[in-house]
Amino acid sequence: MIRRPPSEALPGFVAAVEGRHSVRRFTTEPVPRDDVREMVRLATLAANAGNAQPWRFVAVDDRALLSALRGAVEERLDEIAAWPQVAAAGLVRETRALRGYATFFADAPLAIAVLGLPYESHGDRLLALRGVSREEHDRLRARPDLQSLGAAIQLLVTAAHALGYGACWMSAPVLAAPRLEQLLGVEEPARLVAIVAVGVPSGHPQGTRRLPVDEVLRFATPESGAAAESGRAASAAAPAPGETDRS
C-alpha cells in the first residue's frame, strides 16, 4: 500500500487537536491583545464556502461590558422560564439552571463574539428561483454559512489552546442574541452565532470520551447504495402505524 509521507508539521498539529479540551473555569490573568489577534488570524484561515469568509469577531475584555452581557442572558432566560409552555412542561427549574451554563463566559478574562454574515451561492439563487421551501433549501444546501463559521470557531478554540489558553465554544448565550448584538454594537446584516470564552485554565481540564473511529466511519461500496435504496423502498411500502391491510 502506498501512503503519502506525513507532513513534518503533523506531530504539532496532532498535539494541538488532541490536547484541546473545553475549559469553563479561568484565572483572572488577562489575555494580551496580540494573542487575541493571532487566534483570530488563525481562525480566518478556515476552509469556507466560496471563500466568502462570512465571519466577523468582536473581542470583549472589559469587565463592565462582560457583566452587562451576562445580565442580558440571565434576563432572557428568566423570560423563557416564564413562558406558559415551559411551566406546562415542568421545565422552569431546568431553564433557570441554565444561567450558570450560559453565562460563565463573563467570568473569563476574554470573550470573543463570533458574528455571521449572509452567504448566497449560485446554487442558493437557483433554489430561490424554483421557490423551494426553507426546509427543503436547507436540506439541499446544508447551511454552508454555518459550516464555514463552525470551521472558523474550531480553529479559534484550537489556536487558543496552542497559544497556552483554554477556550469554550458556547451557543447557549445566543438565546439572548438581539440584546447581546445591541450591547456589542453589531450592525446589520451580521448576526451573533456563538461566544467563545478564553483565558488561562484554572485547574486541569479533562477530555471527554469520543466514539472510536470505526463507529463513525464506513467506506462506501456500490452495494451500500443498493441496500439503502432497498431499505427506503421497504419503508415506503410498509403500512403506516395503525393502518390495516385493506386488500
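Read-outs throughout are calculated quantities, based only on the coordinates presented, and are distinct from any laboratory measurement. Values in this document were obtained by computation on a predicted structure and should not be read as measured data. All Cβ positions, even for glycine, are placed from backbone atoms using ideal geometry, and neighbour counts span all protein chains on display.
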> Which of the residues that make up region 1-43 are among the hydroxyl-bearing types (Ser, Thr, Tyr) and touching a strand residue (DSSP E or B) at 6+ places or on another chain (Cβ under 7 Å)?
Replying inline: Ser22, Thr27
> Within region 132-161, can you find the residues that are crowded, with 19+ Cβ neighbours inside 10 Å, out of contact with any Leu (no Cβ under 8 Å at 6 or more places or on another chain) and aliphatic (A, V, I, L, M)?
Replying inline: Leu149, Ala152, Ile153, Val157, Ala160
>> Step by step: first the residues of region 90-119, then only those that are touching a residue at least 12 places away in the same chain (Cβ under 8 Å) and of a type in the set (Gly, Ala, Ser), then the one that is nearest to Ala151 (Cα to Cα). Which residue is that?
In response: Gly116
> Of all helices (runs of 4 or more DSSP H) completely enclosed by region 120-232, which ones contain at least 2 residues that are in contact (Cβ under 8 Å) with a residue 40 or more places away in the chain and within 30 Å of Ala52 (Cβ to Cβ)?
Replying inline: 144-162, 177-184
> Is it the case that His204 is surrounded by fewer than 19 Cβ atoms within 10 Å (Cβ to Cβ) and not small (Gly, Ala, Ser)?
Replying inline: yes
